[in-house]
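What follows is a set of notes on a single structure, which appears directly below.
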Amino acid sequence: AAAGVLALALAISLAIERRRFEQALEQRVAKLEAENHALREWAATSAVDVGASPAEVDSGMLRFDSATLDFAMVTDLDHASRDPKKLRWTALLRRGTLIREKSTSGTAWRIRWGATEKLESTIAVKNRGLELSE
């Protein structure tokens with residue numbers, strides 16, 4: 001009888017945890033759908049058309065007024081990121097600055113590249129490590 005009570009308690013506990021997980025998942029999906037909707041609305045009124053050339057972008061509609069915008073890019077080098085002898089994973093981080101230059105003939109953009117940094121880690125899960133580019 002005690003084993004039956006224990007099995008029933010375990011089943012109830014698992015059912016409760018499953019429902020909590022489902023509710024959390026439903027909330028996350030709803031949040032992502034709302035964010036996706038907001039991004040689509042923004043894209044519809046944005047100055048940037050994915051297929052537009054730089055000359056077609058209405059710089060007056062851009063959301064920032066700074067002449068520079070710092071950014072960073074990272075690559076995990078795919079299969080070349082793993083050093084099989086040292087069990088170490090490598091990625092490259094490159095910094096840059098997007099610079100807007102206004103003139104009487106319009107707006108031009110250029111990139112000033114900064115340093116490239118080597119990132120290393122010995123931590124991996126299921127033989128995958130330093131997955132930064134996802």
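The values are calculated or read from the model by the stated rules, or taken from the named source; none is laboratory data. In this text, all values refer to a predicted model and were calculated from it rather than measured experimentally. FYI the Cβ positions are ideal-geometry reconstructions off the backbone, even for glycines, and counts take in every protein chain you see. Ligands, DNA and RNA are stripped out before the accessible areas are found, and what is left, the full protein with its side chains, is counted by its heavy atoms. Shrake-Rupley method; radii C 1.70, N 1.55, O 1.52, S 1.80 Å.
Numbers for the structure displayed
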read-out	value
Amide hydrogen neighbours beyond the local backbone of Ala124, cut-off 5 Å, H modeled	none
In nm, spacing of pseudo-spin labels at Ser66 and Lys118 (7 Å Cα→C-beta vector)	3.0
Solvent exposure ordering (accessible area, 1.4 Å, most first) of His79, His37	His79, His37
Size-normalised alpha-carbon gyration radius of the stretch 2-45, reference 2.2 N^0.38 Å	2.06
Efficiency of FRET between Ala2 and Leu32 - r from beta-carbon atoms, R0 35 angstrom, step 0.05	0.20
